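None of the figures in this text is laboratory data; all of them are computed from the coordinates on show. Nothing here was measured: the structure is a model prediction, and the numbers come from that model. A quick note on method: Cβ atoms are made from the backbone with ideal geometry, for glycine too, and the neighbour counts reach across all protein chains shown.
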């Protein structure tokens, strides 16, 4: 019998607390600024958008925040998630590297997004909120929040980017199955949406526009709050259950990662896996290389600028110091919808700026080739987003094949592609395109960045 | 903290053998007959279609057949599968019943079908077969065989019922992602297909026609064999890993089922869960009620006749003694494609005839209502097929609510609905229909049954 393939924790080993990396960093991350005053925002500034508990978590200096029982009870529907050694992929690649993936596709909606959707819905419900609004692209986040809202009796309204709303109806059906209401964005329901439609009646939308719409609706309704699926500190913190479990599971496997690889869109999947390992590294424990992988078509970490910018298109959010391509940047319609964001988590941006994480970019054809290779070997068809991380794993495993190095690689397989299969059909038919982004395009988009403050 | 939700076995607890219920039955099941001679078929009759190892398993009197290491290694990509107590559904229903579901949707293709696809591909590859042919309806089985074929380097050609091929493209893409070739059935590639197209050029196909095409292609190619996803003894035997695991997991939970409920199309999901429990029952162990649930639109067990009939439309298969609606019966296009089969596993039919299993039927609207209730409580959106079993669980749980009985219910959640979401959209929009099948329709279809033999 071959060696062990899957490393599972018991339900009783579910982490009992989230990890906040902020107090462990050598330098604190720059604060978000009020777009009017350019002063650091206060909890009161955020009160129309988020419940008190999440505002506190956003700014907390505590290293750990306890996971409420009510959240843990829902987590246990699918957590702890498995850590799997990709033995069949290793064999297929002929590599001496040992490749492990932490698989979050076992969640009800097929991705890691439920790890933060559940606590966000819980805290809102606990503070008497009746309705959550949010945006979604391809729909991973919207369906996670729809599921979580159903668990705590909240209404949920989702603004879905028009292009995805039309082309990927399965996610919309999933959200409706969980009881949510879905609007195509830009919509006629908000000022932000109407403004876009007035300029471009056939707009296919963007995440930035959809965020503006969802924020506007929440801000104008005292019974409603807004929920964000990535970027913010509390979101990344909720995702650290991934890394805490993976730490314990790598110990079960008797291996220590030499390299940790994750894809980055807003940064929550990456931060979720990496931060607990980074805690150990900063404390003098094992010293893995840590690598973020982003799409060549939306290269905020590798080609963007680290500066203050808005999180949305209309400029309704606070100013966030982050790696950005400019909030007016509209990436090509690549299939990894979850990575098509002009900015990056401010916390992760800061950590990259501190030199604790390196970044690379990969074109999407290479990602889908890696995704197919992975699927045929391991069974799971990876979502377009984590296929970026897998492409980097394949690159590294082939380097090890040539060098003979027995490197231990750990990656986050943050979701499956069952609702993204048309993207694979496009790849298999040979119709998938990759375009080299010119410096001029990026320079033009960067013109939308407001003058830096602080 | 609430009680335990998920009961997991370790990878090392994976069953090492499949269970064959045949020698434990009070009476042996009637043999398949050669359609020409009406004599029991011989291994030689089956040799053009199946590898020797599977032909032996089809007729074996051994109670147990060892699971080869190569098969176990692939099983370990997702097995042992979890047993989950549906605590949130129980609460939502206000029932004192305790409901457990054995969840097979964690497999690479999202259903139990891989449990038999993997050994079938393995034995074929081991005997030097180069190509597997099969049929599929909605695509669960075809995608399972495509996945399994990729594991053992086999080519795989799938005839998919035209209606599904056109309406449910995601499954086709999944099969192609795993490297299989997919044909719409009826096709111009086979005599059986051409004959149907000559009569009805715009035929949307049926499982019976697709079986005829796949069988014909395998029979005419010495390098090819045919694979069937349900109905046959060896298929049901491979699925008993479900029930063996569930027995151990119910013991972990400290509960004993009073009622076991599963959906039945060809019978493999049901047999897989139930047979190990039935072994214990026949040996004087716990005595659960065991209930098969079928769609009201395709009621082979509740309104069909127990007699010899063909397994396919063209009459190419052996004659099987089974509950059948007549091999010419074309069920209404309900969404549970996996349950739209005119016949039933001969082994399970025999067990029903012996009075060891009871059967009920449920209309599809009730199934989708139960599916949505389940999804909002438990997160998993159930495939249309197991939503039939869930509808019966809900009926029973509500009876318990009224009576106060703390009945322990175990059901097989054999797959998720992520690739069947348009069916949920139809339900949510109020457009789902249910038609009462008339006795005349059934009588007419039954006229296709050949005169009984033996």
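Key figures for this structure:
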{"quantity": "Nearest-to-axis residue of chain B, judged by beta-carbon position, where the axis maps B onto A, in Å", "calculated": "B:418, 2"}
{"quantity": "For residue B:222, label point 7 Å along C-beta direction: distances to other copies, nm", "calculated": "8.5"}
{"quantity": "Per-residue Cβ neighbour rank within 10 angstrom, fewest leading, A:392, B:385", "calculated": "A:392, B:385"}
{"quantity": "For B:175, B:322, order by how many other beta-carbon atoms lie within 10 Å, fewest first", "calculated": "B:175, B:322"}
{"quantity": "Among B:132-142, B:92-102, the order from most to least packed when residues are scored by Cβ within 10 Å on average", "calculated": "B:132-142, B:92-102"}
{"quantity": "Over the range A:341-403: Kirkwood hydrodynamic radius from C-alpha pairwise inverse distances, Å", "calculated": "13.2 Å"}
{"quantity": "Using a Förster distance of 45 Å, the FRET efficiency for residue A:221-residue A:252 (Cβ separation, nearest 0.05)", "calculated": "0.45"}
{"quantity": "Solution diffusion estimate, µm²/s, Stokes-Einstein, the range A:107-163, Kirkwood Rh from C-alpha pairs, 10 °C, viscosity 1.306 mPa s", "calculated": "143 µm²/s"}
{"quantity": "Peptide B:4-17 - average C-beta neighbours from other chains (10 Å radius)", "calculated": "3"}
{"quantity": "Chain A: relative contact order in percent, alpha carbon pairs under 8 Å with at least 6 residues between", "calculated": "19 percent"}
{"quantity": "0 to 90° range, to nearest 10: angle between helix B:114-126 axis and chain B longest Cα axis", "calculated": "40 degrees"}
{"quantity": "Convex hull of the protein assembly as shown built on C-alpha atoms - directionally averaged projected area, nm²", "calculated": "35.9 nm²"}
{"quantity": "Inverse mean reciprocal Cα-Cα distance (Kirkwood Rh) of the range B:200-276, Å", "calculated": "15.1 Å"}
{"quantity": "Peptide A:419-427 - average C-beta neighbours from other chains (10 Å radius)", "calculated": "4"}
{"quantity": "Interatomic Cα distance distribution for the range A:71-196, bins of 5 angstrom, percent", "calculated": "2, 11, 17, 17, 15, 12, 9, 7, 5, 3, 1, 0"}
{"quantity": "Average beta-carbon neighbours from other chains, 10 Å sphere, peptide B:171-178", "calculated": "6"}
{"quantity": "Orientation-averaged projected area, Cα convex hull of the range B:1-105 (nm²)", "calculated": "11.4 nm²"}
{"quantity": "Burial ranking of peptide ranges A:223-229, A:27-33 (average Cβ count within 10 Å, highest at the top)", "calculated": "A:223-229, A:27-33"}
{"quantity": "0 to 90° range, to nearest 10: angle between helix A:384-403 axis and chain A longest Cα axis", "calculated": "30 degrees"}
{"quantity": "Viscosity 1.002 mPa s, 20 °C: Kirkwood-radius Stokes-Einstein D of the range A:222-357 over Cα pairs, µm²/s", "calculated": "137 µm²/s"}
{"quantity": "Taking B:321, A:407 and counting other C-beta atoms within 10 Å, the order from fewest to most", "calculated": "A:407, B:321"}
{"quantity": "Fraction in percent of alpha-carbon pairs per bin - 10 Å, chain A", "calculated": "5, 22, 34, 27, 10, 1, 0"}
{"quantity": "Per-copy distances of the residue A:191 label point, shortest first, in nm (7 angstrom along Cα→Cβ)", "calculated": "7.5"}
{"quantity": "Inter-centroid distance (Cα atoms) of the range A:330-403 relative to the range B:1-70, Å", "calculated": "43 Å"}
{"quantity": "Rg and Dmax of the range B:69-124, Cα atoms only, in Å", "calculated": "15.4, 50"}
{"quantity": "Theoretical ellipticity at 222 nm over chain A - DSSP helices of four or more residues, -39500 (n - 2.57) apiece, nearest 500", "calculated": "-12000 deg cm²/dmol"}
{"quantity": "Three principal axis lengths of the range A:358-452 [C-alpha, angstrom, descending]", "calculated": "47, 34, 23"}
{"quantity": "Distance in nm between pseudo-label sites at residue B:358 and residue B:61 (7 Å out along the Cβ direction from Cα)", "calculated": "3.4 nm"}
{"quantity": "Mean-position separation - Cα centroids, the range B:405-454 and the range A:101-126, in angstrom", "calculated": "33 Å"}
{"quantity": "Ranked packing of A:253-265, A:69-81, most packed first, by mean Cβ within 10 Å", "calculated": "A:253-265, A:69-81"}
{"quantity": "Position residue B:280, label points 7 Å along Cα→Cβ, spacing to each other copy in nm (shortest first, one decimal)", "calculated": "3.9"}
{"quantity": "Angle in degrees between helix A:364-378 and the longest Cα principal axis of chain A, rounded to the nearest 10", "calculated": "50 degrees"}
